[in-house]
1. Please specify each residue of the stretch 7-51 satisfying the condition of being closer than 13 Å to Ile106 by Cβ and either of a type in the set (Phe, Trp, Tyr) or free of Cβ contacts under 8 Å to residues at least 24 places away in the same chain (or both).
2. Among the residues of the stretch 78-90, is any part of a strand (DSSP E or B), in contact with a Cys (Cβ under 8 Å, 6 or more places away or on another chain) and over 30 Å from Gly199 (Cα atoms)?
3. If we keep just the residues of the stretch 178-200 that are part of a helix (DSSP H, G or I) and free of Cβ contacts under 8 Å to residues at least 40 places away in the same chain, which is nearest to Leu108 (Cα to Cα)?
4. Given the conditions (1) in a strand (DSSP E or B); (2) without any contact (Cβ under 8 Å) to a residue 40 or more places away in the chain, which single one is not true for Lys54?
5. For the stretch 151-177, give me each residue that is under 16 Å from the mean Cα position of the chain (by Cα), free of Cβ contacts under 8 Å to residues at least 60 places away in the same chain and within 25 Å of His64 (Cβ to Cβ).
6. Checking the conditions here, which among Glu93, Glu48, Glu41 is among the charged types (D, E, K, R) and within 14 Å of Pro130 (Cβ to Cβ)?
7. Just wondering, is there one or more residues in the stretch 20-38 that are hydroxyl-bearing (Ser, Thr, Tyr) and over 30 Å from Ala160 (Cα atoms)?
Amino acid sequence: MTNTKLQLPPYFITKSTPHVPNSPLPVLVYRSVLPANPTPENICGAVEPNNWMKGGVFNHYPAHHFHSVTHELYAVFKGHSRLLLGRGPLDAEVGVEVDLRVGDCIVLPAGVAHCCLESSHDYEYVGLYPKATSPLFAAFILRADSTQGSPHWDNNFCKADEQETKQKTENARAVPVPDCDPICGVGGPLVQTWKAAVGN
């Protein structure tokens, strides 16, 4: 990993919509932090020691969706993409657009809607998810569908009614702040920034 710093300011997408929880935790973008000539193997070799576990390799995904049981890291190893954050297909809100390219990472808090607006034909990224490393996170994992100590993501497509969205919001707010920054490890900016955002 390089020592390139976290992009500041982070993206705060705190306002819920009728169909999307969003989050009090900011979306964090890390620019050009992956190993030279990144691959799924060397990305996992760098990130998994920080207790974020590989969930799969993905490409262009245009469907608006969010995850209510886990945070998510995109680590881009091919191509480029423009993401739309914070709104679903039924929402009037504008949302936030973020461009990603090879070497970049983005951390999406549980509840934040996201989709690809446009991508290069070769766009690919590794999706990684925080592993339980504290009693608080372990207790949460026990209540979730766990894979290797990390909850398997759920896909919610931002079209649910108010009651279901309220329940998904409660689920997302209950996901603990991880103990390790996926890029910088213990004491990294994610932990500090997210704890500050929720007043811890």
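Only the coordinates and a few stated rules stand behind these numbers; no lab work does. Source: prediction; values computed, not measured. In this analysis, Cβ positions are derived from the backbone assuming ideal geometry, glycine residues included, and neighbour counts consider all displayed protein chains.
1. Hits for the stretch 7-51 are Tyr11, Tyr30.
2. yes
3. Val191
4. Condition not satisfied by Lys54: (2).
5. Matches in the stretch 151-177: Ala174 only.
6. Of the residues listed, the single one that is among the charged types (D, E, K, R) and within 14 Å of Pro130 (Cβ to Cβ) is Glu48.
7. First, the residues of the stretch 20-38 that are hydroxyl-bearing (Ser, Thr, Tyr): 23, 30, 32.
If we keep only those that are over 30 Å from Ala160 (Cα atoms) as well, we get 30, 32.
Yes, because at least one residue in the stretch 20-38 is hydroxyl-bearing (Ser, Thr, Tyr) and over 30 Å from Ala160 (Cα atoms).
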